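Read the structure below first, then the notes.
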Amino acid sequence: MKELIRLENVTKAFGDQVVLKGIDLEIYENEFVTLLGPSGCGKTTLLRIIGGFETPSSGNVTLMGKDLLSIPAHKRPTNTVFQRYALFPHLNVYENVAFGLRIKKDKDDKSTKKEKEAALDAKVTKYLSMVGLIGFEERNVYKLSGGQQQRVAIARALINEPKILLLDEPLAALDLKLRQEMQYELKEIQKNAGITFLYVTHDQEEALTMSDKIVVINEGEIQQIGSPEDIYNEPTNEFVAKFIGESNIIEGIMKDDYLVSWDEKDYHCVDYGFKKNEVIDIVLRPEDLDIVPEQEGYIDGVVDSVVFKGVHYEIDVKTLKRIYTIHTTDYHQEGKKVSITFDKEDIHVMEKW
Ligand code: ATP
């Protein structure tokens, strides 16, 4: 994979408030990269630095090995899609998408006006088809639904064929069902366009669905960089584990390689490389735990609560030392005596945060 953008020790302060604290990040060609973190963690600021709308307080940013920070925003090979679509209300769908190319002046282009129109038409059609809006060319943009308007905004941003498309919570204004549909579509669009997407969201599900690489940020610092599977299955710390999904997080001791202990009981696990008797955190995902008859599992307890969640039941089991949350398709009555079991691969050991 070819490196497209590199950030080295990028910091940003607004007055006394340091919002980015030494960001190191590489983004490759054709990657779908998501900056994920809670509100105010600095993700939009990072996007704006790459787009040229903000300058870092210190650090370097390069694009294909060349300094990006010295290039003014309008000359950067970037384009941005915002949460609010900012379409031109007086132009129809076709002209909104064509706009980006019409204003682009190419001194070396010697083609006739007719040839230029034909080339433009081919591109508008290509990108309208990519976002599923063929047949909508003549429509007024303000008569479109929110999702359709956002597709126009995406086509308009793609038509210039930027090296990297910056997307700042572009689906946040849509309702849940449409947002979920658009998540799959965006990933398809990115693959078909062959353009790198840098996507900002605070929604972990969105990040897990679409990304090749997720960058989890908290308070201006990167917590973890990895594939959705890495981030979900092997969170590096408690912040990531909690932010990415519901979890049972338990303090324990790494007694030895492949041997972990919590609540005075030892378990075999697949983790190694920790110090002997290092205090660590353990993540047990609710969907990795199973309920079996009393005394047949590792930890006995009593069903404390049962909530039906559509596909599974969320069941809290109260044990002597703590409550475990379990997702299972099997129903268990409140008050029933049960036991909890899991595989050793499902014990995720993290360094203490
Ligand atoms: P959100 O999801 O809420 O947009 P975010 O993670 O994108 O959050 P940023 O928008 O990057 O966060 O903001 C990080 C911090 O920097 C916030 O505390 C914000 O108030 C502050 N901030 C951002 N832009 C400016 C600015 N131009 N001047 C002063 N403070 C700013």
- Note to self: Kirkwood Rh of the chain, Cα pairs, one decimal, Å, is 23.1 Å
- Going through 123/163; 66/163; 126/163; 110/163; 114/191; 255/337 one by one, the pairs whose alpha carbons sit over 21 Å apart turn out to be 110/163; 114/191; 255/337
- By a straight-distance test (C-alpha under 15 Å), which aspartates and glutamates pair with residue 75 as possible cross-link partners, with residues fewer than eight away in the same chain excluded? 54, 67, 106, 161
- Message: Sequence gap at least 6, Cα distance under 8 Å: using those rules, report the relative contact order of the chain to the nearest whole percent.
- Response: 16 percent
- Anything over 23 Å Cα to Cα? Flag those among 242/309; 275/318; 242/336; 2/242; 2/352; 2/213, in the order listed. 275/318; 242/336; 2/242; 2/352
- Return 353, 262 ranked ascending by Cβ neighbour count within 10 Å, so the fewest neighbours appear first. 353, 262
- Go through the range 268-280 residue by residue and turn each phi into a ³J(HN,Hα) via Karplus (6.51, -1.76, 1.60, θ = phi - 60°); whole Hz please, and just put x for glycine and proline. 6, 9, 9, 8, 8, x, 8, 5, 5, 6, 5, 7, 9
- Query: Counting other Cβ atoms within 10 Å of each Cβ, which GluC sites (Glu not before Pro) in the range 194-279 have at most 11 and sit in a DSSP loop?
  - Reply: 264
- Note on the structure: Summing -39500 (n - 2.57) over every DSSP H run of at least 4 in the chain, dividing by its residue total and rounding to the nearest 500, the 222 nm mean residue ellipticity is -7500 deg cm²/dmol
- Query: How about the range 96-191: which trypsin sites (Lys or Arg not before Pro) there lie in a loop by DSSP and see at most 11 other Cβ atoms within 10 Å?
  - Reply: 104, 105, 107, 110
- Message: Give me the one-decimal nm value for the distance between modelled label points at residue 219 and residue 279, 7 Å along each residue's Cα-to-Cβ direction.
- Response: 1.8 nm
- Relative intensity, log₁₀ I(q)/I(0), of the range 249-351 from a Debye sum that treats every alpha carbon as a point, q = 0.10, 0.21, 0.22, 0.25 Å⁻¹: -0.28, -1.03, -1.10, -1.30
- Task: Hand me the GluC sites (Glu not before Pro) from the range 1-89 located in a DSSP loop with no more than 15 other Cβ atoms within 10 Å, in residue order please.
- Result: 29
- Query: Gap in Å between the Cα centre of the range 239-313 and the Cα centre of the range 173-187?
  - Reply: 33 Å
- Note on the structure: When the chain is treated as a Gaussian network with springs between alpha carbons less than 10 Å apart, the largest mean-square fluctuation among 241, 118, 157 is found at 118
- Item | Separation of the residue 209 and residue 265 label points, Cα + 7 Å toward Cβ, nm | 3.7 nm
- Give the long-range amide H neighbours of residue 80: residues separated by 5 or more places, or on another chain, with amide H under 5 Å away, using H modelled in the peptide plane at 1.01 Å from N. 166
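Values in this text are rule-based calculations from the coordinates and carry no lab data. Note that the structure is predicted; figures quoted are calculated from it, not measured. Using ideal geometry, Cβ is built from the backbone for each residue, glycine included, and neighbour counts are taken over all protein chains shown.
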